[in-house]
Amino acid sequence: MLNPQASIDIIMFWLAIIATMAFAITAVLAIADRGVDIFGVVVLGVITAVGGGTVRDLILDVQPFWVEDLVFVRVAVVSSLLAFVGRAFFTQPQVFALMLYLDGLGAALFGIQGAMKTYELDFGWPLAPLILGVITAIGGGILRDVIAGRKNLLMSTELYAIPVALGCVLLMVGLRFYPDSAVQMLIACTSATFLMRAAAIHWNLKVPACLVTHSKTDGSR
């Protein structure tokens, strides 16, 4: 039987693999109508998939996770190629809607995995795991949007980073009171984060207007 730490390591590895696939695919879909060549597609897919985790690891002063195991880069490359080849399928309205949920799952997986890694390294508890969990989840997407010239996640009222932040808070609270139940906490907090994001997608939930600044172009004075 695996010891608890081995179980955590296995779960974190597969969380990162699934999130890498999800982010690489959605990155390709984000620029599917831009006339980008296959090389550009793969580069953007890889940057999106590993960007957030790379920023996190640089802040933690550890070797970037994909350097330790190049399987993450390989998965990102293959996922990007599959999305490029099958973009006609992926961009169908029903499938594209499903991809939004896949992207939400990737954000939940990466966010909780990033917070857990920071926690395990005993780096700035409890605030740093929260901050770096969010950075892991949205960093690659922000890099993608900047490169693609799109409005980035932090400049929208979409409930994207907030579910990740709340999930990371739940993880830190859970580990504080139940440190021996890390595996259960990982699963529960990842699920909770994804469900919050899925609810935001399904019901088109936005940040309340009272918490949003108003642009000069929206007719307000």
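Data overview
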| quantity | calculated |
| --- | --- |
| Residues with amide H under 5 Å from that of LEU159, placed H, sequence gap 5 or more | VAL207 |
| Euclidean distance of C-alpha centroids, region 93-107 and region 1-42, integer Å | 13 |
| Per-peptide average of other Cβ atoms within 10 Å, ordering 148-156, 118-126 highest first | 118-126, 148-156 |
| Computed FRET value (nearest 0.05) for VAL173 with ASP122, which takes r as the C-beta separation and R₀ as 22 Å | 0.80 |
| Listed residues ARG176, ARG74, ARG197, most fluctuating in the chain (Gaussian network, C-alpha, under 10 Å) | ARG176 |
| Mean ellipticity per residue at 222 nm, deg cm²/dmol - from DSSP H runs of n ≥ 4 across the chain, formula -39500 (n - 2.57) | -24500 deg cm²/dmol |
| Cα centre as origin, Lys/Arg/Asp/Glu Cβ charges: the chain dipole, Debye | 740 |
| The chain: C-alpha pair distances exceeding 27 Å, % | 32 |
| Linear extension gain, ASP180 paired with LEU195, 0.36 nm per residue minus alpha-carbon span | 3.0 nm |
| 3J(HN,Hα) from dihedral phi, region 158-165, Karplus parametrisation 6.51/-1.76/1.60, rounded to Hz, x for glycine, proline | 5, 7, 10, 6, 4, x, 5, 4 |
| Accessible area (Å², 1.4 Å probe, nearest 10) - TYR160 | 20 |
| Estimated Rh, region 12-81: Kirkwood, alpha-carbon pairs, angstrom | 12.1 |
| Hull shadow area, averaged, region 78-183 [alpha-carbon convex hull, nm²] | 8.2 |
| Volume per residue of the C-alpha convex hull in region 20-139, rounded to whole Å³ | 87 |
| Mean-position separation - Cα centroids, region 47-83 and region 177-210, in angstrom | 23 |
| Mean accessible surface per residue for the chain, computed with a 1.4 Å probe while every protein chain stays in place, in Å² | 53 |
| Cα-based equivalent ellipsoid, region 123-195: semi-axes from gyration tensor eigenvalues, Å | 27, 12, 9 |
| Cβ-based net charge around LEU81, under 15 Å, with every Lys or Arg adding one and every Asp or Glu removing one | +1 |
| Protein accessible area in the chain, 1.4 Å probe - carbon and sulfur % | 69 |
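The values are calculated or read from the model by the stated rules, or taken from the named source; none is laboratory data. If you're wondering where the values come from, they're calculated on a predicted model, not measured in any experiment. Here the Cβ is made from the backbone with ideal geometry for all residues, glycine too, and neighbour counts use every protein chain on show. Ligands, DNA and RNA are excluded from the accessible area calculation, which covers all protein heavy atoms including side chains. Shrake-Rupley method; radii C 1.70, N 1.55, O 1.52, S 1.80 Å.
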